[in-house]
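Notes for the one structure printed next.
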Amino acid sequence: MTRIGIAFSGGPTAREIVDCVQLAESLGYESAWVAEGHGGDQFATLAGCAMQTSKIQLGTAISSVFVRSIPTIAMAAATVDDLSDGRFILGLGSSHKVQVEPEHGVPYGKPLSKIRDSVAIIRTLLRDGEVQHDGATVRIENFDLWFTPHRADLPIYLAAVFPKMTALCGEIADGVILTRSTLRTGAQVREHIAEGAACAGRDPGDVVVSSLLPTAVADTRAEALDSMRPGLAFYAGFFPRYNQLIAEHGFPEEAAAIAEAWARGDRDAALRAITDPMVDATSVVGTPAECRDKLEAYRDSGIDLPIISPFARGPGAKAAFAAAIEACIAT
């Protein structure tokens, strides 16, 4: 079966996401992922999906280790795993300082150490029913579960952008969640995964390489490209980490222009700096046939699980997601 996932990061309501996930399951999608952000509670939404589906895997992409306590994340994950009869994947990430501190009012620091502590705590708690932990970023005197998890060892994927976090995935994770990958990314990250896996005596082939891929399906390629420019301008302008990623993808001058324009509040200039090659390199865009071809190219490049990530807001969001779900899988 062709591997493909669908990701939601706001737009459709929780009920609409459940409907879309049912559609994805009926068409053969392997997994559905819900982001953490401003679009509603991801675990509650996934619980709704769990009760209305039977086969599709359900995951967080991602849950930030900074904005919830780690035992709370573990309990939420175990709850959705129980409701889905063992179909849950916990996707964790460090998020971004520019989001965590001003939006949530909590301090941000040592993301690698926080991820390492978090995975250790969650795995111990689910396995043993209790945990004590004295780590570099988290200290827990004792936390015990008042229920038995459906699985004592559910899969944990980690979001990664740069080599150090990718190597950590190879060391401790079951999968990596990339974002805005190019057709060169798969081969590059596998090298870093192998480095981390070697440190832990693991087989790097056991680590699933997935990627969130911004997706726009339209009647013409030009229309699809235009619809993607605002999102890329925001990501490259607002998030320093993603700006660096775009630069490393081969667009350093464009990334610098976007950052400069964003810093002075000129959103129109940032948007004008988004070129067709930038969008094409980091997205799935075009007609349905063109999108399916691009997804196959990602698979051939070393991405085990491409995850389409449409963007839509407002009353038509559900219809836009449903159209992308139907267009991006061969029938």
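Read-outs: derived from the displayed coordinates by stated rules, not from any lab. Since the model is a prediction, treat every value here as computed from it, not as a measurement. Neighbour counts run over all protein chains shown; Cβ positions are idealised from the backbone, glycine included.
What is the mean projected area of the alpha carbon convex hull for region 175-331, to one decimal in square nanometres?
On the way: hull surface 40.7 nm².
Averaged projected hull area, Cα only: 10.2 nm².
Using amide H atoms built 1.01 Å from N in the peptide plane, name the residues 5+ places from Thr179, or on other chains, whose amide H lies under 5 Å from its own.
Leu212
Eight or more residues apart or on different chains, and alpha-carbon atoms under 29 Å: count the Lys pairs in the chain matching that.
9
Hey, can you rank 29-42, 306-319 by average C-beta count inside 10 Å, highest first?
Output ranking for 29-42, 306-319: 29-42, 306-319.
Compute from the Cα atoms of region 221-282 the Rg and the Dmax, the latter being the longest Cα-Cα distance, and quote both in angstrom.
Reported Rg and Dmax, both Å: 10.4, 31.
Taking only Cα atoms and a 10 Å spring cutoff, compute GNM fluctuations for the chain and point out the largest among Pro204, Pro277, Pro71.
Top of the fluctuation ranking is Pro277.
Expressed as a whole number of Å, what is the distance separating the alpha-carbon centroids of region 148-162 and region 54-122?
So the two Cα centres are separated by 9 Å.
Quick one: 3J(HN,Hα) in Hz for region 252-266, Karplus 6.51/-1.76/1.60 with θ = phi - 60°, rounded, Gly and Pro as x.
Listing the rounded values in order: x, 5, 5, 4, 5, 5, 5, 4, 5, 5, 5, 5, 8, x, 9 Hz.
At 222 nm, what helix-only mean residue ellipticity would the chain give, in deg cm²/dmol to the nearest 500, using -39500 (n - 2.57) for each DSSP H run of four or more?
After summing the helix terms and dividing by the residues of the chain, the value is -16000 deg cm²/dmol.
Note down the net charge around Ile140, summing +1 for each Lys or Arg and -1 for each Asp or Glu among other residues with Cβ under 12 Å from its Cβ.
With Lys, Arg at +1 and Asp, Glu at -1, the net is -4.
Once you treat every alpha carbon in the chain as an equal point and sum by Debye, what is log10 I(q)/I(0) at q = 0.15 Å⁻¹?
The computed values of log10 I(q)/I(0) come out as -1.34.
Two decimals is fine: what's Rg over Rh for region 1-86, C-alpha atoms, Kirkwood radius as Rh?
Answer for region 1-86: 0.95.
Taking the Cα centre as origin and putting +1 on Lys and Arg beta-carbons and -1 on Asp and Glu beta-carbons, what dipole magnitude results for the chain, to the nearest 20 debye? Please report the intermediate quantities before stating the final value.
Working: 29 positive and 41 negative charges, 62 e Å.
My answer is approximately 300 debye.
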